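For reference, the structure discussed in these notes is given below.
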Amino acid sequence: MTRRIDEDLPLLTGAVRYVSDQTLPGMLHLGFVRSPSAHALLTGIDASEALAMPGVVGVFTAADLGLPPHDQLSGMLPEAVLPPPLAVDRVRYVGERVAAVVAEDAVALADALDAVFVELEPLPVVVEPLAALAPGAPLLFPAHGTNVVHEVSAGDAAAAFATAPVVVTVEQVNPRVAVVPLEGTTVLVVPGADGRLHVHTGAQMPKELRQDLVRYLGLPPERVHVVGEAVGGAFGGKTVGGGPDLSVPAAVALRLGRPVRYVEGRRDNLLSMHGRGQHQRIEVAADTDGRLLGLRVTITCPVGGYGGTGAYEPTATLRVLPGPYRLDAVEVHVRSVVTNTPLTGPYRGPGRAEAAAIMDRAVDAVARRLGLDPVEVRRRNLLRPDELPRAQVHGSNLEHADFLDTLDAALRLADVDRWRAEQRRRLDAGGERLLGIGVATWADSTAGMASQDARACVDPTGLLEVMPGSTSGGQGHASAFGGLVARTTGVDAAAIRVLEPDSDRLPGGLGSFGSRSGQVIGSATLAATRGLVVQARRLAAHLLEAAEEDVVDLGDGRVGVAGVPSSAVSILELGRRSWELESLPPGVERGLDSLASFAQGDRTHPSGCHVAVVEVDAATGGVTLLAAASATDCGTVLHETVARGQAQGSMVQGIAQALWEEVVHDADGNPLNVSLAEYAIPSAAELPSLAVTFRPTPSARNPLGAKGLAETGTVGAPAAVQNAVVDALAHLGVHHVDMPCTPERVWRAIRAVRDAGRGS
């Protein structure tokens, strides 16, 4: 089934109505006064000038609103390190929200934000995670006594390292990156005449948002109504429920009794919506044939000025290791530390992309040490189909897959033999235009928190409405879920409308995150749709005066009595008539309204292989991506066009992390790239065609056979590109380049080995 044009056209033409497009009579505009210092005592806030300005309604501090700290991990972190919605007593990063200003219009708001004066007494700053662990380092929370806010150790690889003939060590930084959705965080909060708070937002997790607002505002659940709106991109950055950008506008709207809208600008978004960021020390033990014997990893993760969701991501890294490899001796030490930088949070494949980077650098490092082909080392260590399913050492219950098949498929798709021949030709000819080929083989772990509701019904006009409970950030939900419903019922896709979640109609609509949409939300949608068909058969039996067991689903959008063609009646007509009948048979709702839930018992494990080919200019350090290919096992492919778009889109983000993207702060904690003129995201001009193929092994963990898909490129592509850059430079003696492999970083690596060769 091809993708429906009526889903894409509004996105392409700008016709989609986002929260930032919505206005209401009497609506107020909210913005945040932010700290200009990375670490300082907050000694005063002078809002007198702002309050005297025309159009300014109020300035609110932490003391005014009295909101509790945001416990994003439900008790996993010490209470002392949790982030307050607005700063209390001290600020801990540049951009921390200090006060909220509310005005009648956006112009008055902008002027007032500049007129609030924040009094600060500077404190020592620590930006780098290893420096935050050093003796005498400035403490962000003196009462806590340490900058470590979360620590985990698991596994024991001592015996493997004690006897291994080969031990290789790699230290690398997985860079902090900005999420960069097209639209930042937005929320419109409307106090209703019914005494309820109506919250319109493009957040990824509307159910979680509602629960957080109930908790933070102290309201009964029935007083909070959340409506999911169009999401202008999210990539994990909008998963955190009632963060300050949502809870503060809600609290102000309650206080003032007027609608309040907050729209995050581009600078504020680049300043604060971050993900990734790990310092990784990787030690790998192997035999002389390149077979992996042990892995020891120490992860130090800077999570920003407070303990938030970023403190959990290294735990996901631990869980995924060692990916698709045959390796039991895996020892991992994780430390999440606070630093004077903005908080980190989820970013497409959080924690798991970092795990893939660890394994693929480890495998390549072993291959280089032994003079072996990195592909051959993978073949010797990848689990075979007859070894699956398998419980990996730290909790990943790998399901059936064929890792060697996806490896071979990606190599063929990238035409690696041709590129290897070209690489040899260039090496023989000499010159500065070097060619490198990189491979990454990975197995992900997706769809935790896997319970989901979905609803299907026919409205009074005869349209089949589906509410999967997920806000779509451009992933093609209408096409994927609409196509699923069309195939299940036989109803024409043009008569199916896929709706955004509404907590009044779907209280269990958890949302879209962690590559769960197809497998979990799709399975819930399938169950709701099947329930609707059962109700249609039941109503048809009632109207046709037939036994219910004699009425069957004809599969073409109709039901009828078996063997009696003239009895066929469309599901849509039955749904429409159900609104008109005075009474309905037992088990039939008006609209054939079917609510269903699906709970997946275990995570699924999409897997695959990425291949990248790069050209490196040894004179300048410039890197050009010449080719990229992926072979992915995402289980059953529910919609080919949508799936291909997800695979390619995530590849672009993964490639960008490897070559261009990194959030940078100076030694005083000042951000250095908070505009798109400074923070480098790619356009189509920087990318070749991205070759994609699917090698599905259906999952047994949900009725659709689906596994995760949306994060496959951000998990697999970064290491493939990084490995390709190192491959291009290996003959020079360069064995590692941190991501992003910028021209300066590559040039310095080349210069270092050349200077060493000259004895300088």
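In plain terms, the chain from Thr641 to Leu732 could stretch by 28.5 nm, reckoned as 0.36 nm per residue minus the Cα-Cα distance.
Each part reduced to its alpha carbon centroid, the range 196-240 and the range 551-607 end up 31 Å apart. Note on the chain: with neighbouring protein chains present and a 1.4 Å probe, carbon and sulfur make up 53 percent of its accessible heavy-atom surface.
Summary of packing: across the peptides 300-308, 180-188, the per-residue average of other C-beta atoms within 10 Å ranks them, highest first, as 300-308, 180-188. Gyration tensor over the Cα atoms of the range 615-717: the corresponding equivalent ellipsoid has semi-axes (square roots of 5 times the eigenvalues, largest first) of 33, 18, 11 Å. For a modelled paramagnetic label at Ala193, 7 Å from Cα along Cα-to-Cβ, the residues of the range 259-286 in reach, with backbone nitrogen under 16 Å, are 259.
Let me see the pair-distance distribution of the range 39-185: every alpha carbon pair, 5 Å bin width, integer percents in order. Whole-percent P(r) values from 0 Å outward: 2, 7, 11, 13, 16, 14, 11, 9, 6, 4, 3, 2, 2, 1, 0, 0. Farthest towards the positive end of the charge dipole of the chain, among the residues Gly265, Leu625, Leu543, is the Cα of Leu625, using unit charges on the Cβ of Lys, Arg, Asp and Glu. A simple spin-label model places the labels of Ala15 and Ala143 5.6 nm from each other, with each point 7 Å out along Cα-to-Cβ.
Full extension of the chain between Trp579 and Asn397 gives 60.8 nm of extra length, using 0.36 nm per residue less the Cα-Cα distance.
Where does the range 142-251 land on the Kirkwood hydrodynamic radius, alpha-carbon pairs, in angstrom?
Numbers: mean 1/r = 0.0562 Å⁻¹.
Value: 17.8 Å, from the Cα pair sum.
Using the 1.4 Å probe convention, the accessible area of the range 466-528 works out to 22 Å² per residue with neighbouring protein chains retained. If Rh is defined by the Kirkwood formula over all Cα pairs and Rg also comes from Cα, what ratio Rg/Rh do you get for the range 408-534? Dividing the radius of gyration by the Kirkwood radius yields 1.29.
Ranked by the mean number of other Cβ atoms within 10 Å of their residues, highest first, the peptides 562-572, 91-101 come out as 91-101, 562-572. Computed over protein heavy atoms with a 1.4 Å probe, the accessible surface of the range 95-185 works out to 44 Å² per residue. How far apart, in nanometres, would the label points at Ala493 and Arg266 be if each is projected 7 angstrom from Cα along the Cα-to-Cβ direction? It is 3.4 nm.
Calculated accessible area for the range 606-683 comes out at 29 Å² per residue, all protein chains present (probe 1.4 Å; ligands, DNA, RNA ignored). About the centre of its Cα atoms, the range 411-456 shows a dipole size close to 200 debye [charges on the beta carbon of Lys, Arg (+1) and Asp, Glu (-1) only; nearest 20 debye].
If the chain linking Glu422 and Ser597 were pulled fully straight, counting 0.36 nm for each residue of separation and taking away their Cα-Cα distance, it would gain 57.6 nm. In Å, what Kirkwood hydrodynamic radius results for the chain from the alpha-carbon pair distances? This gives a value of 27.6 Å. Just name one of Gly192, Ala656, Pro122: the one whose Cα is farthest towards the positive end of the charge dipole of the chain (beta-carbon charges, Lys/Arg +1, Asp/Glu -1). Towards the positive end, the residue furthest out is Ala656.
Descending by average beta-carbon neighbour count within 10 Å, the peptides 266-272, 669-675 line up as 266-272, 669-675, the highest first.
Look at where the Cα atoms of the range 68-88 and of the range 146-179 average out, and the two centres are 28 Å apart. Prolate is the label for the range 237-318, because a/c, from the alpha-carbon gyration tensor with a ≥ b ≥ c as root eigenvalues, is 1.5 or above and a/b exceeds b/c.
The values are calculated or read from the model by the stated rules, or taken from the named source; none is laboratory data. None of these values were measured; they are calculated from a predicted model. FYI the Cβ positions are ideal-geometry reconstructions off the backbone, even for glycines, and counts take in every protein chain you see. Surface accessibility is based on the protein's heavy atoms, side chains included, excluding ligands, DNA and RNA. Shrake-Rupley method; radii C 1.70, N 1.55, O 1.52, S 1.80 Å.
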